[in-house]
Structure formats: C-alpha cells, structure tokens
Amino acid sequence: MPFNSIYQLNALQREHIKSRLLADDANCLENEKKLPIENLMMYYRCAIMEIETKFCVLNEQLSLLDERNPIENIRTRLKSWDSVIKKMRDKNLPLTLSSLEENIHDIAGVRVICSFQEDIYRLADSFLRQDDIKLIRRKDYIRNPKPNGYRSLHLIVEVPIFLKDETRFMKAEVQFRTIAMDFWASLEHKLRYKKDIPEDAAELLAEELQACSEISADLDRRMQQIKNKMSIEF
Ligand code: 0O2
C-alpha cells in the first residue's frame with residue numbers, strides 16, 4: 001500500500017513537529033499512559049501483525065472448507081509521518097501524542113484483497129465476531145460507493161496487543177476490496193496525487209475512471225454469479 005504525501009514537509013518542519021510531539025510526551029512523563037513516538041509506532045506495528053495473523057488463520061480455514069483461497073493477498077502499512085501530520089493539521093487537531101492516538105484511526109492499515117465480493121462480507125463478519133475485536137466504525141463504500149466510483153469496505157477496529165507486562169488496545173483500519181476494486185483504486189490514487197496533469201485533462205480522466213468503476217462493479221457481479229452457478233450446479 002504505497003503512501004504518497006501531497007503535502008511534503010521539509011526535514012526541518014518535520015523535526016520541529018516531531019520534537020513538539022515528543023515535548024508533549026516529556027511534559028506528561030508523570031502520566032504513564034503517554035508514550036514516546038517510537039513506542040507508539042511499535043504498538044501500531046504489533047496491531048498490524050495481530051490483524052494480519054487473524055486473516056491468515058481465516059484464510060487457512062476457509063480455503064480447506066471451500067477448496068479455494070478467499071483472500072488473494074494482504075497488504076499492510078504504517079502511515080508515514082508526513083501523512084499523519086498532514087491529517088492532524090487538516091483536522092485542526094492539537095499536535096500531541098494523545099490526540100494522535102485518539103483521533104487518527106488509520107496509522108495501522110491492513111488491506112485484504114479478495115476474489116469475490118461475497119468473500120469480503122464473509123471475512124469481515126468472521127473477523128468482527130472474534131471476541132477481542134471491537135468495531136469502532138464501519139464504512140461500506142461497496143453498497144454506497146463514493147461519487148468518484150470508489151468501492152471498498154472499511155472497518156475501524158480496536159485490537160489488543162499483548163506486551164511484556166500489559167495488554168494495550170490499538171486502533172487500526174482494515175480495508176476489504178476485490179481485485180477489481182483494488183485495481184481501480186490504485187489507478188485513481190495515482191491520478192489524485194499526480195500534480196502535473198492539467199485541470200481539464202484531470203477532469204476527463206476522473207469521468208473516465210467513474211465509468212470504469214461501473215464496469216468494474218458489473219464485472220464483480222458477473223464473476224460472482226458465474227462462481228455461484230458453478231458451485232450450485234457442478
Ligand atoms: P492512503 O495513502 O491509502 O492511506 P478519516 O480517516 O475517517 O478521517 P476519511 O477520508 O473519511 O478519513 O476515511 P475513509 O473514507 O475511510 O478513507 C480512508 C482511506 O480509504 C484513504 O486513506 C484511502 O486509502 C482510501 N480511500 C478513501 N476514499 C478513496 C478514494 O476515493 N480513492 C482511493 N483510491 N482511495 C480512497 P488515505 O489516508 O487517503 O490514503
């Protein structure tokens with residue numbers, strides 16, 4: 001999952017903001033809940049590992065039951081510093097670690113790519129049924145696509161990570177897409193972050209992408225129908 005920042009901070013600005021976040025931490029040393037950035041990022045990496053393992057386990061079991069893998073691949077990413085800071089500034093959030101942990105939910109990101117739409121809902125349901133997963137927010141851009149044509153199922157969840165002396169609950173974003181949805185989103189992402197396309201050309205490309213999103217949704221539907229027919233009739 002590449003992470004392109006449209007808002008590049010120079011090294012000096014980055015260091016300044018980082019030191020402010022660390023300063024917040026230093027000010028609150030007596031508050032043991034506050035953590036240095038490196039620790040916090042390590043916790044998010046652990047959350048990613050926990051979630052990835054859960055999907056690997058589900059994939060193992062479902063592939064035995066169905067004789068096919070419901071998951072094509074899993075991609076993970078930790079949000080870059082530039083993107084975290086840009087998001088906090090866009091949302092007018094105080095640049096503190098506690099505000100970061102509370103308000104930025106997609107620092108840990110897991111993207112699950114499936115062959116069929118049906119697999120997405122099946123996996124999401126199994127995942128959410130697990131005792132240690134708490135759903136914070138669900139955005140279904142498959143049933144309600146974005147106006148630009150973006151489709152994907154997003155879950156913001158809280159997952160426990162088991163550390164040496166404590167258990168911590170970390171937020172993470174899980175995105176589910178079919179191969180077709182992912183193909184579309186990758187190209188649209190490139191267009192969104194490409195700076196040197198003239199406005200009128202970008203508009204035309206966005207329209208073309210919107211049309212492709214309909215075709216892609218239709219492809220997903222038809223592939224699902226073929227698969228269903230195959231499993232019922234043969
Ligand atoms: P990146 O580089 O993928 O991380 P919120 O987190 O709720 O404050 P938002 O935008 O309401 O912000 O959340 P939403 O709608 O759940 O989208 C978050 C992520 O979904 C984005 O993260 C993208 O990964 C993906 N996404 C959402 N809309 C689009 C879209 O129109 N096109 C594409 N290609 N991806 C989309 P980031 O941080 O924008 O980017």
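The values are calculated or read from the model by the stated rules, or taken from the named source; none is laboratory data. Just so you know, these numbers come straight off a predicted model, no measurement behind them. Here the Cβ is made from the backbone with ideal geometry for all residues, glycine too, and neighbour counts use every protein chain on show.
Is there a residue in the range 114-123 that is among the basic types (Lys, Arg) and under 20 Å from residue 70 (Cβ atoms)? Step through it out loud before you land on a result.
Of the range 114-123, the ones among the basic types (Lys, Arg) are 122.
Narrowing the set further to residues that are under 20 Å from residue 70 (Cβ atoms) leaves 122.
Checked against the condition, which is being among the basic types (Lys, Arg) and under 20 Å from residue 70 (Cβ atoms), the range 114-123 yields at least one hit.
Taking the range 68-89 only, how many residues are closer than 29 Å to residue 228 by Cβ and surrounded by 14 or more Cβ atoms within 10 Å (Cβ to Cβ)?
6
Among the numbered conditions (1) farther than 18 Å from residue 111 by Cβ; (2) in contact (Cβ under 8 Å) with a residue 40 or more places away in the chain; (3) among the polar types (S, T, N, Q), tell me where residue 144 comes up short.
The one condition residue 144 does not meet is (2).
Within the range 201-217, can one find any residue that is surrounded by 14 or more Cβ atoms within 10 Å (Cβ to Cβ), aliphatic (A, V, I, L, M) and closer than 18 Å to residue 121 by Cα?
Among the residues of the range 201-217, at least one is surrounded by 14 or more Cβ atoms within 10 Å (Cβ to Cβ), aliphatic (A, V, I, L, M) and closer than 18 Å to residue 121 by Cα, which makes the answer yes.
Which one is surrounded by the most Cβ atoms within 10 Å (Cβ to Cβ), of the residues in the range 90-102 that are more than 20 Å from the chain's Cα centre (by Cα) and part of a helix (DSSP H, G or I)?
We begin by selecting, within the range 90-102, every residue more than 20 Å from the chain's Cα centre (by Cα); these are 92-98.
If we keep only those that are part of a helix (DSSP H, G or I) as well, we get 97-98.
On the way: 97: 20, 98: 16.
Looking at residues that are more than 20 Å from the chain's Cα centre (by Cα) and part of a helix (DSSP H, G or I), I get 97.
Of everything in the range 174-204, what is away from the ligand (no atom under 13 Å from the Cβ) and at pLDDT below 95? Give them in sequence order.
195, 196, 197, 198, 199, 200, 201, 202, 203, 204
Just checking, does the range 166-182 include any residue being surrounded by fewer than 12 Cβ atoms within 10 Å (Cβ to Cβ) and either out of contact with any helix residue (DSSP H, G or I) (no Cβ under 9 Å at 6 or more places or on another chain) or without any contact (Cβ under 8 Å) to a residue 40 or more places away in the chain (or both)? Full working, then the answer.
Taking the range 166-182 as the starting set, the residues that turn out to be surrounded by fewer than 12 Cβ atoms within 10 Å (Cβ to Cβ) are 166-167.
From the residues that got through so far, the ones that are either out of contact with any helix residue (DSSP H, G or I) (no Cβ under 9 Å at 6 or more places or on another chain) or without any contact (Cβ under 8 Å) to a residue 40 or more places away in the chain (or both) too are 166-167.
Checked the range 166-182: at least one residue is surrounded by fewer than 12 Cβ atoms within 10 Å (Cβ to Cβ) and either out of contact with any helix residue (DSSP H, G or I) (no Cβ under 9 Å at 6 or more places or on another chain) or without any contact (Cβ under 8 Å) to a residue 40 or more places away in the chain (or both).
Considering only residues that are surrounded by fewer than 16 Cβ atoms within 10 Å (Cβ to Cβ) and either without any contact (Cβ under 8 Å) to a residue 12 or more places away in the chain or aliphatic (A, V, I, L, M) (or both), which ones fall in the range 45-67?
Scanning the range 45-67 gives 49, 53, 57, 60, 61, 63, 64, 65, 66, 67.
Could you check, for the range 159-168, whether at least one of its residues is polar (S, T, N, Q) and more than 17 Å from the chain's Cα centre (by Cα)?
yes
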